[in-house]
Amino acid sequence: MNDQSILQKFHSMIDSLRSNRAINIDTDMYEFNPPATDEELNAARSKFNLTPAMINFYSEANGFNIYWERVEQVEIYEGGYAAGYINILPVQEVFKDWKNIIYFSEDDPCKPLHPIDFFIGNACAALYLDGSDNPEVYYYYRGEKMRPLGVDFEGYLKLLLKSRGFWYWHLAIAGPEHINPAEPMSVEEKNFREIMPQLFPDFSASDFKRLNHE
């Protein structure tokens, strides 16, 4: 039985990344924050009823970031990248007002989004706060439509462990913004599905099933 906490699992993932000769961790972009204080958790609770998974996670680490890149040469589709980015935001950042960053007017359909993993400047994974006690996580890219990932906060962390934060792994689930029969898979998704097994033999593509958003 595996009784590790989710944070301990991320530390185990880091250990496996360090021992993987095919990749390199950037030590300047690798940091786990101290646990969230009671004051920070209570401030977040005043805006949203935190789920047990959120409380358990942020009580161990109030966010973390990791960046790794492949060392060994692998074939990459043009426009893609073989690297991993994770940037889990502190709880006080998640539930702040994201106006002019995520949404730009009061009737903007993206207003309910609150980023939890701002893995790159223009894209993030965000909670969709629609009144649910356990909100779903969405993929968001600035200027595109938001798309659900079919998981909650806890489920998202589990997929992060399996994906190791690979460059735009979210698109393996969210799919392209516009369906093109000639190009049904984005460059990012093709790279993810083809390169991950080369870097991580335990990778299972079946963990990342494309959702139908139509």
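The values are calculated or read from the model by the stated rules, or taken from the named source; none is laboratory data. Source: prediction; values computed, not measured. Here the Cβ positions follow ideal geometry from the backbone for every residue, glycine too, while neighbour counts run over all protein chains shown. For the accessible areas, the whole protein counts, side chains as well, though only heavy atoms, and no ligand, DNA or RNA atoms are used. Shrake-Rupley method; radii C 1.70, N 1.55, O 1.52, S 1.80 Å.
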Taking Cα pairs under 8 Å and at least six residues apart, what relative contact order does the chain come out at, in percent?
17
Give the lysines reachable from residue 209 as a straight Cα distance under 26 Å; neighbours fewer than 8 places away on the same chain don't count.
9, 145, 158, 162, 190
Once label points are set 7 Å from the Cα along Cα→Cβ at both residue 69 and residue 8, what is their separation, rounded to one decimal in nm?
3.4
Once you order the gyration tensor axes a ≥ b ≥ c over the Cα atoms, which shape class does segment 43-110 get: rounded for a/c under 1.5, otherwise prolate or oblate by comparing a/b with b/c?
oblate
Only four residue types carry charge here, +1 at the Cβ of Lys and Arg and -1 at the Cβ of Asp and Glu. Report the dipole size of the chain about the Cα centre in Debye, rounded to the nearest 20.
260
Testing the spin-label approximation: label points 7 Å from Cα along Cα→Cβ at residue 31 and residue 144. State their distance in nm.
2.9
A 1.4 Å probe over the protein heavy atoms gives the chain a carbon and sulfur accessible-area percentage of 47
With Kirkwood radius over Cα pairs in Å defined as stated, name the option among [x] 17.1; [y] 18.0; [z] 19.7 computed from the structure displayed.
[y]
Under 16 Å Cα to Cα from residue 96, which aspartates and glutamates show up? Leave out anything in the same chain fewer than 8 places away.
39, 40, 106, 117, 130
Using alpha-carbon positions, the gyration tensor of segment 1-104 gives root eigenvalues a ≥ b ≥ c; with a/c under 1.5 called rounded, otherwise prolate if a/b exceeds b/c, else oblate, the class is oblate
Please list, in order along segment 18-29, the HN-Hα scalar couplings obtained from phi with the Karplus expression 6.51 cos²θ - 1.76 cosθ + 1.60 (θ = phi - 60°), rounded to whole Hz, x for Gly and Pro.
5, 8, 8, 6, 7, 9, 9, 8, 7, 5, 7, 10
With each pseudo-label sitting 7 Å past Cα toward Cβ, what's the residue 76-residue 40 distance in nm, one decimal?
3.2
If you stretched the chain out fully between residue 96 and residue 129, how much longer would it get, using 0.36 nm times the residue separation minus the C-alpha to C-alpha distance?
10.7 nm
